[in-house]
Amino acid sequence: MVNLNSFLILSAVMFAIGLFGALSKRNAVAILMSIEIMLNAVNITMVAFASAFIGKSDAAGVAVGSRLTGQIFAIFIITVAAAEAAVALAIIIGIYRRISTVDVGHINLMKW
Amino acid sequence: MDIFSNPVQYAWIVAALPLAALVINFFGFRMLDVLTRPKEVVAQADPHAAHGEATDAHGGEQNPATIDAHDEQAHGGHDDEHGAATGFWASVVGWIAFGAMLLAFIYACLIGAQFLGNTELQSKGVTLHIYDWFNFGKLAYTIDFHVDALTVVMLVVVTAVSMLVHLYSMGYMAGDRGYSRFFIELSLFTFSMLLLVLGANFLVLFIGWELVGLSSYLLIGFFFNQAKPPEGSEVPWPPPAQLKAFVTTRLGDFGFLIGILLLWVTTGTFNFTDLNFNTKTSATGLTVVLATTAMILVFCGAVGKSAQFPLHVWLPDAMAGPTPVSALIHAATMVAAGVYLVARLFPLYATVAGPESLQVVGYVGAFTAIFAATIALTQTDIKGVLAYSTISQLGYMFAGLAVAENNTVGIFHLFTHAFFKALLFLGAGSVIHALHDNGIGAQNLRNMGGLARWLPITAFTMLMANLAISGIPPFSGFFSKDLILATAYERGYMPIYYILLFTAFLTAFYMFRLFFLAFGGRGGAIGGLWGGEYRGIGQPHESPWVMTLPLILLAIPTVVAGFLSVNNDFANFLTGGEITTPYVSPFTETLTWVSVGVAAVGILLAWAMYGLEILPAKAFTGNPIGAPIYRLLKNRYYIDELYGLIIKYVVLGLSQGFYLFDKYIIDGIVNGIGRFVRGLGFVTRRSESGFVQNYGAVLFGGALLLMIAVFFAVGVFR
């Protein structure tokens with residue numbers, strides 16, 4: 001049965017995969033992709049909570065899911081992620097043109 | 001005017017006069033002298049001829065080896081080049097210094113005149129408040145002068161001797177390049193001693209005490225650029241000699257300072273009057289044991305300053321300075337300070353502290369007396385003999401202080417000794433002055449003999465002083481020495497009495513040995529007393545009037561000063577007429593004739609050995625018993641060598657130990673901490689990789705751990 005917990009587990013798994021990728025990959029493009037996976041894991045959580053609680057009230061009778069807050073946030077994150085991906089890719093390409101590598105271990109121009 | 005009608009109230013003038021001369025000369029005429037005097041001429045052509053005289057002008061045994069050893073390094077500036085005339089401004093400096101001392105002497109005599117017959121003044125004295133030094137809380141530190149009979153005696157002695165030494169120095173130092181510097185340092189020396197004597201509390205006294213040490217340092221090393229004498233020379237070299245004097249006296253000062261502080265901590269006062277007369281009655285924490293300890297510690301300072309065993313080693317070397325300075329040091333200014341200190345604190349020693357304190361003083365004094373006298377028997381340096389005789393006589397003074405019930409006995413010997421010892425040293429200076437132009441070791445008795453023919457005034461005055469120090473009536477030394485011996489006998493200090501009696505014999509012997517060796521000899525008139533065979537080279541000459549006049553002036557008190565003790569006059573003056581015991585003339589006592597007889601035997605023995613020369617010295621030093629004793633005495637009991645060994649092995653060994661402790665323990669701890677931190681950094685620096693991914697891993701790892709902790713806390717896993 002597909003319920004809220006399934007979405008959350010999927011989200012957690014995706015986040016963990018993304019985190020692992022972001023921390024372990026040496027390739028800057030792969031790190032960027034991993035970060036995208038983590039962002040999308042968060043998006044899934046947002047949308048899952050939003051749809052699960054729509055039309056529900058808490059114990060004090062205040063409506064908690066009456067608005068499309070989660071969905072709007074998800075769209076917002078997608079937008080930011082797109083912008084971020086564009087900027088990051090531009091930087092990576094710039095770096096690649098300069099030092100012919102996208103290995104983060106070698107990108108140490110600003111390291112003291 | 002009040003200054004003349006009531007001079008006691010202006011006693012500071014006595015100290016201010018040499019200080020004024022010092023300031024005027026130092027900032028005024030010394031500058032003019034330095035600017036106007038001709039440049040020093042360094043003879044390049046023949047160093048032997050040019051420096052044969054200059055090198056050892058005041059110092060050394062001159063022999064060809066000396067000259068050879070010298071000629072290279074002797075080229076530095078020689079301050080003591082003779083022959084040149086004294087510059088105009090230099091003589092101005094000399095006359096100002098002398099004039100100030102003459103005025104100071106006259107003023108001291110005025111104060112003395114006011115004290116005469118005024119028993120109130122004699123017993124109480126006057127305290128003059130000069131200056132508030134600083135105050136905090138209950139503590140008030142003041143520069144106060146205290147003038148009582150003891151101070152007056154010291155003022156008169158110091159100014160009189162210093163004044164005559166100033167006059168004498170004008171002849172002795174004539175033409176010396178350091179002429180003006182010499183007189184400035186003499187002024188400083190005299191000022192320091194007057195400050196010491198005038199001080200009403202330990203602070204002022206200690207300032208004077210240290211200033212005396214400084215100025216003696218300066219004056220002993222007056223010829224600081226003199227070339228090093230060759231190995232084995234008996235003549236001390238000024239630079240180490242001045243340091244030795246300074247450091248040795250400083251050793252005693254260490255105890256002195258602890259003693260002062262001990263007294264201050266328990267009584268809360270530095271003031272002599274309070275310490276002497278109020279410590280018993282007031283509720284201070286000064287117990288007998290503490291007082292005894294403090295007084296023995298204070299005596300340590302006196303031991304250093306007055307050259308008592310075991311800190312006597314500096315005084316014989318102090319003759320490296322010009323001879324007038326030796327006269328000043330030995331008679332009035334430096335070594336008298338220790339005796340004065342004990343005399344000043346005499347009530348503390350006698351009434352507050354236990355009897356042990358004065359016993360220490362007495363036995364150290366008596367031992368030093370005989371110890372130094374035995375060394376003096378064998379010395380061949382004319383100033384060396386006199387130096388050891390000074391140490392011996394100072395021992396007499398301390399013994400005299402210790403055995404009597406007041407300080408008058410010791411101070412009386414200080415008083416008479418100041419005159420005849422100054423006379424002896426100035427006479428020795430006159431001899432050196434007479435001989436040193438001849439290019440021989442001018443201080444060595446072996447190069448003298450028969451000098452009375454050429455130096456009649458010097459010889460006659462020296463004879464007076466010799467009779468005085470030997471204790472022959474009616475010369476001054478007889479009265480003071482007999483007083484010490486009689487007091488020791490009467491008050492039951494038999495060991496001290498016998499030691500001092502034997503020392504009296506030795507004293508008479510070595511002083512007349514000196515006299516016969518220098519002025520008499522075989523073939524002279526009166527059985528070798530006057531004139532005789534001259535063993536030196538060239539023609540000695542009598543000194544100019546500025547040098548013989550002080551000798552004559554000093555000969556007067558040397559002969560007559562002893563009569564001041566008749567009817568207890570001197571003791572009554574010091575104590576304000578408290579002496580109640582009836583006066584016994586020394587001439588009526590059998591005991592007196594014992595000590596006079598002992599001295600006469602000493603003189604006759606010296607006469608037989610060195611005047612008539614019927615009893616060769618080899619008779620004593622040639623046999624197997626006498627030879628090692630002679631060697632021991634000749635080498636001054638090897639005390640200097642012993643101290644050398646102590647310094648080399650104990651002091652340097654200890655410092656080596658401390659160095660190693662510092663290097664390996666102290667530095668080890670400090671470096672160990674550094675090394676530990678370095679090692680820690682070496683291990684932990686791996687965490688700072690510079691890779692953002694690592695930081696991120698740690699960040700999220702931390703977050704994970706936090707999450708698990710929260711889960712545990714809320715009971716998820718339960």
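Data overview
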quantity: Pairwise label distance in nanometres, residue B:625 with residue B:712, each label 7 Å out on the Cα-Cβ vector; calculated: 9.9
quantity: Gained length - residue B:618 relative to residue B:654, 0.36 nm times residue gap less alpha-carbon distance; calculated: 8.5 nm
quantity: Tensor-based shape of the range B:299-340 (alpha-carbon gyration tensor, a/c under 1.5 rounded, otherwise prolate or oblate); calculated: oblate
quantity: Footprinting exposure proxy for B:300, B:109 (fewest neighbouring C-beta atoms within 10 Å first); calculated: B:109, B:300
quantity: Exposure proxy order (Cβ contacts within 10 Å, fewest to most) of B:589, B:641; calculated: B:641, B:589
quantity: Mean Kyte hydropathy of -1.0 or more with a Cα span along the axis of at least 30 Å, helices from DSSP in chain B; calculated: B:88-115, B:149-172, B:238-267, B:355-376, B:382-403, B:408-435, B:494-519, B:692-714
quantity: Three-way shape label, the range B:475-588, alpha-carbon gyration tensor, a/c 1.5; calculated: oblate
quantity: Size of charge dipole - the protein assembly as shown - debye, nearest 20, with Cβ of Lys, Arg +1 and Asp, Glu -1, no other charges; calculated: 3000
quantity: Helical contribution to [θ] at 222 nm, DSSP H n ≥ 4, -39,500 (n - 2.57), averaged over the protein assembly as shown, rounded to 500; calculated: -21000 deg cm²/dmol
quantity: Neighbour-count order for A:106, B:166, fewest beta carbons within 10 angstrom listed first; calculated: A:106, B:166
quantity: Residue B:288/residue B:632 FRET efficiency (R0 30 Å; Cβ-Cβ; nearest 0.05); calculated: 0.15
quantity: Furthest towards positive pole of dipole, B:696, B:126, B:612, structure part chain B, Cβ charges; calculated: B:696
quantity: Point-charge dipole on Cβ atoms (K/R +1, D/E -1) for the range B:199-331, about Cα centre, debye to 20; calculated: 140
quantity: Euclidean distance between Cα centres, the range B:470-488 to the range B:565-637, Å; calculated: 9
quantity: Potential lengthening between residue B:589 and residue B:134 on full extension [0.36 nm per residue; Cα-Cα distance subtracted]; calculated: 158.3 nm
quantity: Lys/Arg +1, Asp/Glu -1 at C-beta; the protein assembly as shown dipole; positive extreme among B:575, B:460, B:524; calculated: B:575
quantity: Centroid-to-centroid separation of the range B:290-349 and the range A:40-89 [C-alpha atoms, Å]; calculated: 101
quantity: Nearest-0.05 FRET efficiency for residue B:646 and residue B:446, computed from C-beta distance (R0 45 Å); calculated: 0.90
quantity: Violating pairs (Cα-Cα greater than 21 angstrom) within the set B:124/B:421; B:244/B:421; B:305/B:383; B:305/B:648; B:383/B:421; calculated: B:124/B:421; B:244/B:421; B:305/B:648
quantity: Dipole of the protein assembly as shown, positive direction: furthest Cα of B:660, B:602, B:647, with charges on the beta-carbon; calculated: B:660
quantity: Radius 14 Å from Cβ of residue B:521, net charge of other residues (Lys, Arg +1; Asp, Glu -1); calculated: +3
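No lab work stands behind these numbers, since they all come straight from the coordinates. Only a predicted model underlies this, so the values are computations on that prediction, with no experimental measurement involved. When we count neighbours, we look across all protein chains shown, and the Cβ atoms used for this are built from the backbone with ideal geometry, even at glycine.
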